[in-house]
Each structure stands twice: as C-alpha cells, then as structure tokens.
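Report on one structure; see the data block that follows.
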Amino acid sequence: MNGVELAFVLLGAVALGAGFLVVTTSRIVHAALWLAVCLGAIAGCFLLLTAELLAWVQVLIYVGAVVVLVLFALMLTRAPIGPTPGASRGRVVVAATVAVATGVVLLVTLLAGLGGEVIDLEAVDVGGGEAVGSALFRAWVLPFEALSVLLLAALVGAIVLSRGRGDEDGR
Amino acid sequence: MRLAFPLVVSALLFSLGVFGVLARRNAVLVLMSVELMLNAVNLNLVAFDAWWADALHGGQVLTLFVITIAAAEVGLGLAIVLLVFRNRGTSDLTDLGLLDERAENVDQPAAVDQPDVVDQPEAAR
C-alpha cells in the first residue's frame, strides 16, 4: 500500500464514520455538521483521484452552500437542539436489513467484476480547470445547456413556493 | 491505486444513505441521506473516470452535472419542507402522508393517534 492508497483509506474511513454519524446521531443539528465533515472527506478523495476541479466544486457547493441551506432549514423548522427520540425499533431493523442487503449486493457485484483492477494515476490526464472546461464546452455542451434550463426552472419553482399564499387573497 | 478502494467506500456510503432514508423521520434528515447517496455515486463516477483515463472526462463532467442537479433538488426540497412546516407545524414524515393542503383535516386525527410521536409537541412549539 503506497502513500496515495493510505491517504485514500484514511479519508474514506473519515467519510464513512461521519456518514454513519449523520444517519444515526440523535441530535439533528450535529447530523448536519457531520454531513459537512463527510462531504469534505469526499472532496479529499476526489483530489486523490486527480479530479482537482471537482474537489473545489464539492467544497464550494456542498460544504459551502448545501450544508448551510440544510442548517437554515433545520433552524426554520424549529428542529430541537437536544437529543430527539430515534426511530422505532422495528423501523430501524427493517432499514438496516435493506441497507445491508443493498451494500452486500453492491460490494459483491463491484468487487467480483472489478476487484483486481488498478488505477494508473501516472497515465491519467489530471482533471484541472482546463481539461474539464474544454471537455465540458466541446463535447458536453448540449447537456450543459439543458442543465441551465433545469436550474432556471428550479429557481422559479423555489421562488413560487417560498412566496407563500400572501397575495392569493389580493387576487 | 487499486480501484477496489473507491468502490468499497462508495458502496458502503450508498448503503448508509439507504439506511438514513428508511430510518429517519425528519424530512430534512432524509434529504441529507439522499445527499450521501448522491455523493457515493459521484465517487464511483470519478473513480471510473480515472481508471479509464477518459480523454473526454465523461465521468468528471457527469459528476459536475450531478452536483448541480443535487443543489437544485436540495433547494426545491427544502422550500417544500418549509412550506409544509408552515402549513402543518411539523416536518415529521410519519405525519405527512399527503402534500395536499385540503387533506389537513383528514390527516390530523391520524397524527394524534400515533403513540410513538414523542417530539410532536416540541416540533410544533
């Protein structure tokens, strides 16, 4: 195991531990903060897999914007700060069964098919701003435009939803 | 680097997200678990991009698209959760069988009958 692999295993362990706390901790606000840790560790994994631009996009959008948005939503829905009673025992058992089954199917499929493969990090074209930008605006420009329309629709939808029913009475 | 490491991390992260979606009751926490699953998929895409040494960077560009769609999804989802909270006074998914406002009166008795809803008064405070 070389240095890159060791760093990846450590970052992966941090991501998995933080992810476990996200789905199990009884304090709701702590779950959002552990989500930030988990997403930051995944950004480190992207960096080790030569996806430089994506690592910074992950830090900006996920750790920066999405976690703050989630925290705002928790505050605005008056989530209790202290520990809350968890899910009922039966539901946890069912959820754990389904989750373990999903994990086993994924692990067996991926490791049986691709377990012995090796990523040659020396041969990879590093995904910095120039490489990803030219790929995005040359080969993938049509999906990019479609996505901009989707973002516009989401923006309009969020405005319509959050405007509330205040002016329905005036109409 | 062996391809198995990112694959194992992403598979375990995905199953953690599945557990969170099924076990959590707060709508915001369910959205957070969906984010975990999306990140597992992103990690897979980036790993396969590097493994294939893709000249077009298909995996990384698709990851960029997934991140954008996830941001839009979280924005809209949280707007809906806030709206439902404003109308119903709760964001607990066990009480929210329907999004329709007119079903509010039909929905209320069922919420009161739930014996295991302990944080209901706290959420409505």
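Please report the net charge: other residues with Cβ closer than 12 Å to the Cβ of B:V34, K and R +1, D and E -1.
In short, -1.
Cα atoms only: what Rg and Dmax, in Å, come out for segment A:35-80?
12.6, 41
As an exercise, take the mean of 1/r over every pair of distinct alpha carbons in chain A, invert it, and state the Kirkwood radius in angstroms.
Evaluated on chain A, it is 20.0 Å.
Rank the residues A:E5, A:E130 as a footprinting-exposure proxy: fewest other Cβ atoms within 10 Å of their Cβ go first.
By the 10 Å Cβ count, ascending: A:E130, A:E5.
So for the protein assembly as shown, Kirkwood radius off the Cα pairs, Stokes-Einstein at 4 °C and 1.567 mPa s: how many µm² s⁻¹?
Answer from the Stokes-Einstein relation: 63 µm²/s.
Report the net charge of residues surrounding A:L21, where surrounding means a beta-carbon distance below 14 angstrom and charges are Lys +1, Arg +1, Asp -1, Glu -1.
Values: positive: A:R27, B:R24; negative: none.
Net charge in that neighbourhood comes out at +2.
Based on a Kirkwood Rh over C-alpha pairs, give the Stokes-Einstein translational diffusion coefficient of segment A:1-84 at 10 °C and viscosity 1.306 mPa s in µm²/s.
Once the numbers are plugged in, D ends up at 117 µm²/s.
Bear in mind these aren't lab numbers, they're just calculated from the coordinates by the rules spelled out. Computed from a prediction, not measured in an experiment: that's the story for all the values here. Positions of Cβ are generated from backbone atoms using ideal geometry, with glycine treated the same way; all protein chains shown enter the neighbour counts.
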